[in-house]
Structure formats: C-alpha cells, structure tokens
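What follows is one structure encoded as structure tokens, with my remarks underneath.
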C-alpha cells in the first residue's frame, strides 16, 4: 500500500479503540493553550474595530492602556480571523471616518512640496522597442552610445509652492532627497528660477501685499532651516507625471 508498518499500526489501533470515528482527521490544535488571548479581549477587539474602525496599532495601544499587552501582529491575526482585516470588510460602501485635511499656505515659500521621479532616458524619436532592433533609429542610437552619449536614468526633482502654485522641475543625475550643490533649490538665489532646456516652470500668481517677501528658492533651503517635508507628495507626483509625459 506504500505506507510504513508504524503508520498502518496507528490507524488499526485507532479503529479498534474508537471505531470508524477514529479514522476521521483530527485537528492539529493543542488540547490547552494557557497563553491564548482571553475571549473577552477578542470581543473587545471586535467591538473597537466595528464601532470606531480603529487600526491594529490603535487597538494594541488601547489594550496596553487597559492592562492587556500583546503584539500588534496578534491583534492583526485576530482581526483577520474575525473577517475584519480589511477596511472594505467593515464598510462595503466605501465609507470612511477619516476627514481629509486641507493644506493652507499663507505666503510664498510657506509650504513647498517636493518629489523625485526616476525616468529613463529615451532617445529622440523613440528607441528600438518602437522601431525594431535592425532599424535606422536603433543603429543611430548605438552609434551615439559608442560616441559617449549618456544612457540610463535621470531624476526629475519637482517643487511646487503651496501658495503661488509655482511648479518647477529640474532633471538631475542624483535622486537623493537633498539636491546636489549648484542645482535648484540648492542654490540660494534671490528670485525664483526661470525655465531652461532641462527645467520646466509655470507662471506664479500675484502674492498679496501682506505676504512676507520670501522667495521660493531661498526658503526651500535657507540658512538655519530644515529641508522641507517630502509629504504630501500627491501634488508633485501629478506634476512630475505631467512633465515627464
């Protein structure tokens, strides 16, 4: 039959002791679990999830304040077994208890949104994927590479002023959050940059007379100030996608 003697003896002994019920599969869970989560705690986790729609981390913190310390992954496992692991399982209609915040910039340079997008260098007219490997365009690109033309990727550093909506993009070889020296906004010029062959800028709106006379370039990396936060990135991400297209 293709089984060992010990396996056949085990099933025979089960049949002799319990009859046909002994041949059924048995659960692999232990008979006792002293460290298992108490049922009342699991009920509390389910109540908080359904009523407040709290995350696993928030529930873990609330349980710790109530005297029940457990790992966040344990709470996540209980939510998954309860069928509440995903937010859409609680609100199938897409309702949310989160109120989106509004970003308010009171003067130019008050809030600057930064984003870095990595794009590939595509030759003029398209590459070999469009024209084929044996096309004239492909051979021209190969000759340009042999002559020393750069290939690889370029990093588009984009910055958008939250007040004037001045949008600026510059192609750099460095994708770090802090641009290299000599690039904008690393250079501390007294006026916003203008459009160049490797940069894109949109026209700003007129600032009110009560706003401080602070330029976008100087406020982005002025002396004694921290680098601007890289979030939220949605605005600059959309601008980067538009500029790259």
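So which of 145, 117 ends up being under 20 Å from the mean Cα position of the chain (by Cα), closer than 30 Å to residue 169 by Cα and surrounded by 11 or more Cβ atoms within 10 Å (Cβ to Cβ)?
Details: 145 fails: under 20 Å from the mean Cα position of the chain (by Cα).
Being under 20 Å from the mean Cα position of the chain (by Cα), closer than 30 Å to residue 169 by Cα and surrounded by 11 or more Cβ atoms within 10 Å (Cβ to Cβ) holds for just one of 145, 117, which is 117.
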Count, please, the residues in segment 27-61 that happen to be touching a helix residue (DSSP H, G or I) at 6+ places or on another chain (Cβ under 8 Å) and over 18 Å from residue 87 (Cβ atoms). 4
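Closer than 30 Å to residue 45 by Cβ and either at pLDDT 80 or above or out of contact with any strand residue (DSSP E or B) (no Cβ under 6 Å at 6 or more places or on another chain) (or both), is that true of residue 100? If you could, list the steps in order and put the result at the bottom.
On the way: closer than 30 Å to residue 45 by Cβ: yes; either at pLDDT 80 or above or out of contact with any strand residue (DSSP E or B) (no Cβ under 6 Å at 6 or more places or on another chain) (or both): yes.
Here the answer is yes, as residue 100 does meet what is asked.
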Can you spot a residue in segment 162-173 that is at pLDDT 80 or above, outside any strand (DSSP E or B) and touching a helix residue (DSSP H, G or I) at 6+ places or on another chain (Cβ under 7 Å)? yes
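Checking the condition under 19 Å from residue 56 (Cα atoms), without any contact (Cβ under 8 Å) to a residue 24 or more places away in the chain and touching a helix residue (DSSP H, G or I) at 6+ places or on another chain (Cβ under 6 Å), which residue from 77, 85 passes? Step through it out loud before you land on a result.
Values: 77 fails: touching a helix residue (DSSP H, G or I) at 6+ places or on another chain (Cβ under 6 Å).
The match here is 85.
Given the criteria exposed (fewer than 10 other Cβ atoms within 10 Å of the Cβ), without any contact (Cβ under 8 Å) to a residue 40 or more places away in the chain and part of a helix (DSSP H, G or I), does residue 19 qualify?
Numbers: exposed (fewer than 10 other Cβ atoms within 10 Å of the Cβ): yes; without any contact (Cβ under 8 Å) to a residue 40 or more places away in the chain: yes; part of a helix (DSSP H, G or I): yes.
Judged against the criteria, residue 19 is a match.
The values are calculated or read from the model by the stated rules, or taken from the named source; none is laboratory data. Keep in mind the model is a prediction, meaning the values are calculated, not measured. Positions of Cβ are generated from backbone atoms using ideal geometry, with glycine treated the same way; all protein chains shown enter the neighbour counts.
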